[in-house]
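Data first, discussion second: the structure below is written as structure tokens.
The values are calculated or read from the model by the stated rules, or taken from the named source; none is laboratory data. What you see is a predicted model; the values in this text were computed from it and never measured. Every residue, glycine among them, receives a Cβ derived from its backbone with ideal geometry; neighbour counts consider all protein chains shown.
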Amino acid sequence: MKYKKYFRKTSLKQKNIGDLFLKLIQEKNPRSFLEIGVFHGVTARNVCELMFKNHGEQFEYIGIDIFSDSKNYDKEVVPSKTFNNPFKTFYFRFIKRQNPYSLVAVEDLLSKFKKNIKLIVGDTNKIFENLKLKNIEFIFIDGGHDYKTVKNDLEYSYKIISKNGTILCDDWNLSQALGVRKAIEDFSKEKNINFKIVHERFAQFNLF
Ligand SMILES: C[S@@+](CC[C@H](N)C(=O)[O-])C[C@H]1O[C@@H](n2cnc3c(N)ncnc32)[C@H](O)[C@@H]1O
């Protein structure tokens, strides 16, 4: 399947990276998927389309995001929220009347899969202890990019991943966020689990 952008912004913007990402998911063919860091929901929509194609109604997508413009997250590596294309700005402001980086807008983008999705608003440094997730087959970590958050996201993912599940981390090679790489390396050492680097961009843990 080809990765589509749905007239929105996504961190998998280079075409080949989006396609490669879908290929990695297709190889594992999961029925349950957790994405940490949903942003405009473009990856979410692509993943839902892929799982729907593979499993019909029998899949679950869970997405977590702060969906917040709060100054507390100013240091975060959130992709720019403004569009370069004025048509997109016009479309969201005057036609959709939505902020594309909002729960409402992402629910709208995923409305076709209403029965299969669960969107959770919150900071993963605070909310994990209250979540009751388990046996997730594929987890994509692309939320907060500081060391502490990525480490915490990895440790939680390790608790809820299913047998033979996959944890994929984005931005292994992002020079503005070196904490991502350090958190992945430390997690790998502490848990004694190897990972592989895919296309210099993703770090992939295949669990047993
Ligand atoms: C790089 S974007 C995600 C892009 C998206 N996965 C995609 O492929 O288009 C990172 C997202 O993580 C969210 N985020 C940052 N820190 C977070 C935290 N501590 N808990 C939950 N979400 C967080 C931001 O709001 C932002 O939407």
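Identify the single condition in (1) modelled with pLDDT of 95 or more; (2) at negative phi that Gly56 does not satisfy, given that it satisfies every other one.
The one condition Gly56 does not meet is (2).
Just to be sure I understand, how many residues within the stretch 109-145 are of a type in the set (D, E, K, R), surrounded by 14 or more Cβ atoms within 10 Å (Cβ to Cβ) and under 15 Å from Val38 (Cβ atoms)?
2
Can you run down the residue pairs with Cβ atoms below 7 Å, 6 or more apart or on separate chains, where the first is in the stretch 1-29 and over 22 Å from Thr166 (Cβ atoms) and of a type outside the set (Val, Ile, Thr) and the partner is part of a helix (DSSP H, G or I) and more than 13 Å from the ligand (Cβ to nearest atom)?
Note: pairs meeting the criteria are Phe7/Lys88; Phe7/Tyr91.
I'd like to know if the stretch 141-155 contains one or more residues that are more than 12 Å from the ligand (Cβ to nearest atom) and under 14 Å from the mean Cα position of the chain (by Cα).
yes
Cβ-Cβ below 8 Å, separation at least six or inter-chain, first residue in the stretch 183-208 and hydroxyl-bearing (Ser, Thr, Tyr), second part of a loop (DSSP other than H, G, I, E, B): which pairs?
Final answer for the pair search is Ser188/Asn194; Ser188/Phe195.
Starting from residues that are free of Cβ contacts under 8 Å to residues at least 40 places away in the same chain and surrounded by fewer than 22 Cβ atoms within 10 Å (Cβ to Cβ), keep the ones in the stretch 159-172 and report whichever is nearest to the ligand (Cβ to nearest atom).
Here the residue is Trp172.
Quick test of your reading of the structure: Val180 fulfils all but one of (1) part of a loop (DSSP other than H, G, I, E, B); (2) within 12 Å of the ligand (Cβ to nearest atom); (3) closer than 17 Å to Ile17 by Cβ. Name the failing condition by number.
(1)
Considering (1) more than 16 Å from Leu20 (Cβ to Cβ); (2) of a type in the set (D, E, K, R); (3) exposed (fewer than 13 other Cβ atoms within 10 Å of the Cβ), say which one Lys196 fails and leave the rest.
Only one criterion in (1) more than 16 Å from Leu20 (Cβ to Cβ); (2) of a type in the set (D, E, K, R); (3) exposed (fewer than 13 other Cβ atoms within 10 Å of the Cβ) is unmet by Lys196, namely (1).
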